[in-house]
1. In the set GLY58, GLY73, GLY49, which member is in contact with a Pro (Cβ under 9 Å, 6 or more places away or on another chain), surrounded by fewer than 18 Cβ atoms within 10 Å (Cβ to Cβ) and of a type outside the set (A, V, I, L, M)?
2. For GLU78, are the conditions met, namely being modelled with pLDDT of 90 or more and either of a type outside the set (S, T, N, Q) or in contact with a strand residue (DSSP E or B) (Cβ under 7 Å, 6 or more places away or on another chain) (or both)?
3. Counting just the residues of the range 13-30 that are at pLDDT below 70 and part of a helix (DSSP H, G or I), which one comes out farthest from SER181 (Cα to Cα)?
4. For the range 88-145, name all the residues that are crowded, with 20+ Cβ neighbours inside 10 Å, among the small types (Gly, Ala, Ser) and modelled with pLDDT under 90.
5. Which of the helices (runs of 4 or more DSSP H) found entirely inside the range 31-148 contain at least 3 residues meeting this: closer than 15 Å to LEU163 by Cα and charged (D, E, K, R)?
Amino acid sequence: MKVTLATPADLDRLLAFRVEAAGWISKLGSDQWSRPYPAERLLATIEGGTVFMLRDEGRTAGTITLTPEAEEGLWSDEELAEPSMFVNKLTISRDYAGQDLGGRLLDWAGDRAQRAGAQWLRLDAWTTNARLQRYYLDQGFQHVRTVLEGNAVNGGARVSGWLAQRPARLADHGLADETPSAEPLFT
């Protein structure tokens, strides 16, 4: 399997991934991703070069967004001063479930973050999705804190404020990386 940059041609597939994931998560009892994601916001991140696709020959097995930009209001000024990369929207097609592809993509992201000079690989997860939080803990992340306020979209209640991090590190993820080399972002 290989990791490539997403292109605008991937937009429909990425939106479908989100719908598929939301349906699966709903069956597990979570409201995560129950609202449609704005296509124009996703397209902007694709064009920004932060969305990556996991491809298995002609099929798309998963996606991950990796960016040096933190969501506003989550991390302290001291934490933001530490070189970090942030994971968002990790999604694996249900056709590929149970193969640890999410873990391998997280290892790929941590490897890329380390090559960019980051100290930390960080993420925020749905505050009420204990199963997802457990998954990230099992992947070596440490819970930092949960931020419950500060999102004007939900009248001040934040739904994705469970913060976690693990050291950025080189990893043998076994994925062919066909993306441009990670440029040092931090010195």
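1. Numbers: GLY58 fails: in contact with a Pro (Cβ under 9 Å, 6 or more places away or on another chain); GLY73 fails: in contact with a Pro (Cβ under 9 Å, 6 or more places away or on another chain).
Exactly one residue qualifies, and that residue is GLY49.
2. Working: modelled with pLDDT of 90 or more: yes; either of a type outside the set (S, T, N, Q) or in contact with a strand residue (DSSP E or B) (Cβ under 7 Å, 6 or more places away or on another chain) (or both): yes.
Yes.
3. Step one: list which residues in the range 13-30 are at pLDDT below 70, which gives 21-30.
Cutting the leftovers down to part of a helix (DSSP H, G or I) gives us 21-27.
Details: ALA21: 29, ALA22: 32, GLY23: 35, TRP24: 34, ILE25: 34, SER26: 37, LYS27: 39 Å.
In this case the residue turns out to be LYS27.
4. Across the range 88-145, the qualifying residue is only ALA125.
5. On the way: elements: 39-47, 77-80, 101-115, 130-138.
Per the criteria, 77-80, 130-138.
The values are calculated or read from the model by the stated rules, or taken from the named source; none is laboratory data. Source: prediction; values computed, not measured. So basically every Cβ, Gly included, is an ideal-geometry build from the backbone, and we count neighbours across all protein chains shown.
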